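Colleague: Next up is a structure, given as C-alpha cells.
All of the numbers you see were taken from the coordinates with simple rules; none came from a lab. What you see is a predicted model, and the numbers here were worked out from it, not measured in a lab. Here the Cβ positions follow ideal geometry from the backbone for every residue, glycine too, while neighbour counts run over all protein chains shown.
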Amino acid sequence: GAVVSQHPSRVICKSGTSVKIECRSLDFQATTMFWYRQFPKQSLMLMATSNEGSKATYEQGVEKDKFLINHASLTLSTLTVTSAHPEDSSFYICSAYGTSVSYEQYFGPGTRLTVT
Amino acid sequence: RKEVEQDPGPFNVPEGATVAFNCTYSNSASQSFFWYRQDCRKEPKLLMSVYSSGNEDGRFTAQLNRASQYISLLIRDSKLSDSATYLCVVSSKSSGDKLTFGTGTRLAVRP
C-alpha cells in the first residue's frame with residue numbers, strides 16, 4: 001500500500017514554544033491531507049482538511065491561528081502548533097488521500113507531542 | 001449523541017474464541033464504512049471496508065445494516081495478535097469523504 005511518513009515521531013517542548021510536524025506521502029501524490037488529534041482513550045478527532053495549494057478547512061472548535069497548516073506541494077503538508085501549552089499534548093496523526101491510489105486514506109505513524 | 005458509537009470494552013477472550021463487535025452511526029447519509037485496527041500508540045490501519053452485502057476476509061466478517069444504521073465485525077478463531085483496538089469508521093460524500101471515527105473497542109486475547 002501507499003506510504004505516509006511523519007516527522008518527528010516524538011517531540012517534547014516547553015510551554016510557549018512552537019512545534020512543526022511534517023507529513024509526507026512517499027510514493028504518491030496526495031491531493032488532500034487530513035490532520036487528526038487523539039487524546040488518551042479517545043477517538044481520533046479530525047482537526048482540519050488541507051488541499052494542495054489552498055487554505056485548510058478547520059473543524060469546528062479548532063483554532064486556525066493556533067494550528068497552522070500548510071500544504072505547499074502534493075507530497076508535503078505541515079502542521080505547526082504555535083505557542084503550545086500542556087493541554088496541546090496529544091497524538092497527532094496525518095492521513096493522505098490521492099485518487100491515484102484508490103480512495104483509501106493512508107495514515108502516517110503519528111507524532112506524540114508532550115508540552116511541559 | 002456521538003456520530004459513531006461503539007462499546008469500549010475491553011473484551012477479554014481466550015485464543016480460538018469468536019468475538020463480535022457492534023457499532024451504530026447517526027448520519028443516515030453515510031456511504032462508506034470501515035473497520036480499522038489500532039495498536040497501542042500507533043496509527044490506525046485499515047482492516048477492511050464494509051459492503052452492503054457483507055464481506056469476509058479470512059477470519060474477519062463485516063456486516064452492514066443500513067436500515068438500522070448498524071455495523072458489525074466478527075472475528076473467528078481469535079489469535080493473540082488480534083489484541084488491539086478496533087475502530088468503526090464512517091464517511092459520506094456530503095462531508096467531503098472525511099472519516100468519522102468511533103472511540104474503538106478494545107480486544108484482549110489471552111493464551
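Colleague: Taking 0.36 nm per residue of separation and subtracting the Cα-Cα distance, what length does fully extending residue B:65 through residue B:45 add?
Modeller: Length difference between fully extended and current span is 4.9 nm.
Colleague: Here is a further query. Compute, for chain A, the length of the dipole vector about the Cα centre, with Cβ point charges of +1 (Lys, Arg) and -1 (Asp, Glu) only. Units Debye, rounded to 20.
Modeller: The dipole of chain A has a size of about 300 debye.
Colleague: Have a look at B:95, B:72, B:26 and tell me which one the Gaussian network model of chain B (Cα, springs below 10 Å) gives the largest fluctuation.
Modeller: B:95
Colleague: Which lysines, if any, have their Cα less than 18 Å from the Cα of residue B:2, not counting same-chain residues under 8 positions apart?
Modeller: Within the straight-line limit of under 18 Å, residue B:2 reaches these lysines: A:41, B:98.
Colleague: I would also like to ask the following. Only Lys, Arg, Asp and Glu count, each charged at its Cβ (+1, +1, -1, -1), so figure out the dipole size of the stretch B:1-98 about its Cα centre, rounded to 20 debye.
Modeller: 240
Colleague: Nothing charged except the Cβ atoms of Lys and Arg (+1) and of Asp and Glu (-1): what's the magnitude of the dipole of the protein assembly as shown about its Cα centre? Round to the nearest 20 debye.
Modeller: Here the protein assembly as shown has a charge dipole of around 360 debye.
Colleague: I need the phi-derived Karplus couplings for the stretch B:51-57: 6.51 cos²θ - 1.76 cosθ + 1.60, θ = phi - 60°, integer Hz, Gly and Pro marked x.
Modeller: Once rounded to whole Hz, the list reads 10, 4, 7, x, 8, 10, 9.
Colleague: Quick check: net charge around residue A:30, other residues with Cβ under 14 Å of its Cβ, Lys/Arg +1 and Asp/Glu -1?
Modeller: Around residue A:30, the surrounding residues sum to -4.
Colleague: Sort out the exposed loop trypsin sites (Lys or Arg not before Pro) in chain B (DSSP loop, at most 15 other Cβ within 10 Å) and tell me the longest stretch that has none.
Modeller: By the stated rule (loop sites, at most 15 other Cβ atoms within 10 Å), B:3-40.
Colleague: How large is Rg over Rh for the stretch B:29-70, taking Rg from the Cα atoms and Rh as the Kirkwood inverse mean of 1/r across Cα pairs?
Modeller: Over the Cα atoms of the stretch B:29-70, Rg/Rh equals 1.03.
Colleague: If amide H atoms are built 1.01 Å from N in the plane of the peptide, which residues on other chains or at least 5 residues away come under 5 Å of the amide H of residue B:11?
Modeller: So residue B:11 has HN proximity to B:106, B:107, B:108.
Colleague: OK, next. Ordered by residue, what ³J(HN,Hα) values in Hz, to whole numbers, does the stretch B:30-44 give under the Karplus form 6.51 cos²θ - 1.76 cosθ + 1.60, where θ = phi - 60° and Gly and Pro are x?
Modeller: 4, 10, 10, 9, 9, 10, 10, 10, 10, 8, 4, 6, 10, 6, x
Colleague: Taking the Cα atoms of chain B, what is the range of coordinates along each of the three principal axes, in descending order and whole Å?
Modeller: Taking the Cα atoms of chain B, the three principal extents are 44, 30, 22 Å.
Colleague: A further question follows. Name the aspartates and glutamates eligible as straight-distance cross-link partners of residue B:79: C-alpha to C-alpha under 13 Å, and not fewer than 8 places from it in the same chain.
Modeller: Within reach: B:15.
Colleague: Hey, in the GNM for chain A with a 10 angstrom Cα cutoff, which one of A:16, A:98, A:61 fluctuates hardest?
Modeller: A:61
Colleague: Out of residues 5 or more away from residue B:98 or on other chains, whose amide H comes under 5 Å of its own, with H placed 1.01 Å from N in the peptide plane?
Modeller: Distant-sequence amide H within range of residue B:98: B:92.
Colleague: For residue A:14, go through the aspartates and glutamates and keep the ones whose alpha-carbon is under 15 Å away, minus same-chain ones fewer than eight residues off.
Modeller: A:87, A:88
Colleague: Which one, A:95, A:43, A:18, has the greatest fluctuation when you compute a Gaussian network model over chain A with C-alpha springs under 10 angstrom?
Modeller: Of the options given, A:43 has the highest mean-square fluctuation.
Colleague: Separate question: If pairing requires two Cys Cβ atoms under 4.7 Å apart, which cysteines of the protein assembly as shown are left without a partner?
Modeller: So, A:13, B:40.
Colleague: While we're here: Rounded, prolate or oblate: pick one for the protein assembly as shown, where a ≥ b ≥ c are the square roots of the eigenvalues of its C-alpha gyration tensor, a/c under 1.5 means rounded, and failing that, prolate if a/b is larger than b/c, else oblate.
Modeller: Prolate.
Colleague: Express the relative contact order of chain B as a whole percentage, based on alpha carbon pairs under 8 Å and six or more residues apart in sequence.
Modeller: After rounding, I find 37 percent.
Colleague: What span do the alpha-carbon atoms of chain A cover on each of the three principal axes, reported in whole Å from largest to smallest?
Modeller: Taking the Cα atoms of chain A, the three principal extents are 41, 25, 22 Å.
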